Amino acid sequence: MAIAQLRTPSSYSPPSATAPLLPFTTACCSPSRVPSSAGHWKRVRGLRIASGSGRGLALTLADTSEGLKEIRDCCTIWKWKEFDVNYLVKGKGPPLLLVHGFGASVGHWRRNIGVLSECYTVYALDLLGFGASDKPPGFAYTMEGWAQLILDFLDEVIKKPTVLVGNSVGSLACVIAASESNGDLVRGLVLLNCAGGMNNKAVVDDWRIKLLLPLLWLFDFLLSQRVIASALFERVKQRENLKNILLSVYGNKDAVDEDLIEIIKGPADDKGALDAFVSIVTGPPGPNPVSLMPKISIPVLVLWGDRDPFTPIDGPVGKYFSSLPSNLPNIELHVLPGVGHCPHDDRPDLVHEKLLPWLSSLPSMSTISTG
């Protein structure tokens, strides 16, 4: 997700702030060692995990399984530089890599992995600073750093042409990675409510952000004071505050369950989580998708929830992506009615309805490998 503005249950959040998210799916192949930093999973009981086609939202959201064990069994550690990066792998077939948004993790794809793994090898990773991946104290997080992590993961772990699927800042990291990819590492791109930057300072063309820009800079200053930053972060992590943030982000309020709240809250209690939060909110916004998308010639599917308060469809970023299909023939866009900032967890049925046919229409792996 895109971020920049904290909010409490009684406060108004402008259209382009960011909030946390999360959870997952069914049984898994290749169980491996559980990340040592994943202890927060143990605090979540009875995680609900969806499988099947996703048709019939009530059934999908009510589907239950022994989810926590399945999450642990599907995850392992990849050593990136000197850091531990948590990732999941499940299924067989052409590879997909799922990249979460701000505050989220592998678990936020809980309602997609089971469906996608029926025909694809699904990978999902926790970006550095989130989930069960390392959160190094004092680390300076950047969009470019996350994009390089993705490219190195493709090169060292997957080792095959891969479709990248991202949400919010995860989408933007995928865009940057695809624009910088050499060779055939990336064969397709799926963007779910792509962010304009790592934080709201990127969205300067939105009049709503212009009005709030002085407050955002003041907010950055306050976060530079450790005592103040810690107090604000502790307030945001409170269960009721997290629930209110998520309810404002999701169009389908039934999707905001206790599992989602718990899984977001768990990693936020890890050592280094506060540093990651401050660095991301106050750091440079990174490359703008407007300058990157024309460089991308691979097939791109854009899905956009029309009730997104962070990157609204009528904001600068939403308008830009809405204009792309008429200018770039490789891009397909669908606006999803009644859906918020995280379409894949908000209304997985609508996402799968568009995503699965698009994936099946891509050139086969054998066609790619033979040129």
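The values are calculated or read from the model by the stated rules, or taken from the named source; none is laboratory data. Here the structure is a predicted model, which is why all the values come from computation and not from measurement. All Cβ positions, glycine included, derive from the backbone under ideal geometry; neighbour counts span all protein chains shown. When the accessible area is computed, the model is the full protein with side chains, heavy atoms only, and any ligands, DNA or RNA have been set aside. Shrake-Rupley method; radii C 1.70, N 1.55, O 1.52, S 1.80 Å.
Listing for the model above:
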| read-out | value |
| --- | --- |
| Scan of the stretch 261-276 for residues that are open to solvent by less than 20 Å² (accessible area, probe 1.4 Å) and either over 15 Å from GLN238 (Cα atoms) or touching a Cys at 6+ places or on another chain (Cβ under 7 Å) (or both), ordered by number | GLY272, ALA276 |
| Candidates LEU216, LEU247 - the one that is within 21 Å of VAL169 (Cβ to Cβ), part of a helix (DSSP H, G or I) and at pLDDT below 80 | LEU216 |
| Residue match in the stretch 288-296 (condition: among the β-branched types (Val, Ile, Thr), farther than 27 Å from PHE233 by Cα and not in a helix (DSSP H, G or I)) | yes |
| Residue match in the stretch 302-312 (condition: farther than 24 Å from GLY103 by Cβ and of a type in the set (D, E, K, R)) | no |
| Selection within the stretch 322-350 - small (Gly, Ala, Ser) and either within 25 Å of PRO294 (Cβ to Cβ) or crowded, with 24+ Cβ neighbours inside 10 Å (or both) | SER322, SER323, SER326, GLY340 |
| Sole exception among (1) in a strand (DSSP E or B); (2) in contact with a Lys or Arg (Cβ under 7 Å, 6 or more places away or on another chain) for GLY188, by number | (2) |
| Pair list, Cβ under 8 Å, 6 or more apart: the stretch 100-121 residue more than 20 Å from ILE158 (Cβ to Cβ) and part of a loop (DSSP other than H, G, I, E, B), other residue modelled with pLDDT of 95 or more and among the β-branched types (Val, Ile, Thr) | GLY101/VAL169; PHE102/VAL169 |
| Of residues in the stretch 67-102 being open to solvent by 20 Å² or more (accessible area, probe 1.4 Å) and at positive phi, the one modelled with the highest pLDDT | GLY93 |
| Filter pass, GLY114 being more than 21 Å from LEU242 (Cα to Cα), at pLDDT below 85, under 20 Å from the mean Cα position of the chain (by Cα) and not acidic (Asp, Glu) | no |
| Residue match in the stretch 312-319 (condition: part of a helix (DSSP H, G or I), free of Cβ contacts under 8 Å to residues at least 24 places away in the same chain and over 19 Å from the mean Cα position of the chain (by Cα)) | yes |
| Test: residue in the stretch 298-311 that is surrounded by 19 or more Cβ atoms within 10 Å (Cβ to Cβ), assigned to a helix (DSSP H, G or I) and out of contact with any Cys (no Cβ under 8 Å at 6 or more places or on another chain) | no |
| Qualifying residue in the stretch 155-166 (condition: touching a residue at least 24 places away in the same chain (Cβ under 8 Å) and in contact with a Ser or Thr (Cβ under 6 Å, 6 or more places away or on another chain)) | no |
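Yes/no per residue for (1) part of a helix (DSSP H, G or I); (2) touching a Cys at 6+ places or on another chain (Cβ under 6 Å); (3) open to solvent by less than 30 Å² (accessible area, probe 1.4 Å); (4) of a type in the set (Asp, Glu):
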{"position": "GLY129", "(1), (2), (3), (4)": "no, no, yes, no"}
{"position": "PRO137", "(1), (2), (3), (4)": "no, no, no, no"}
{"position": "GLY145", "(1), (2), (3), (4)": "yes, no, yes, no"}
{"position": "LEU151", "(1), (2), (3), (4)": "yes, no, yes, no"}
{"position": "VAL157", "(1), (2), (3), (4)": "yes, no, no, no"}
{"position": "CYS174", "(1), (2), (3), (4)": "yes, no, yes, no"}
{"position": "ASN182", "(1), (2), (3), (4)": "no, no, no, no"}
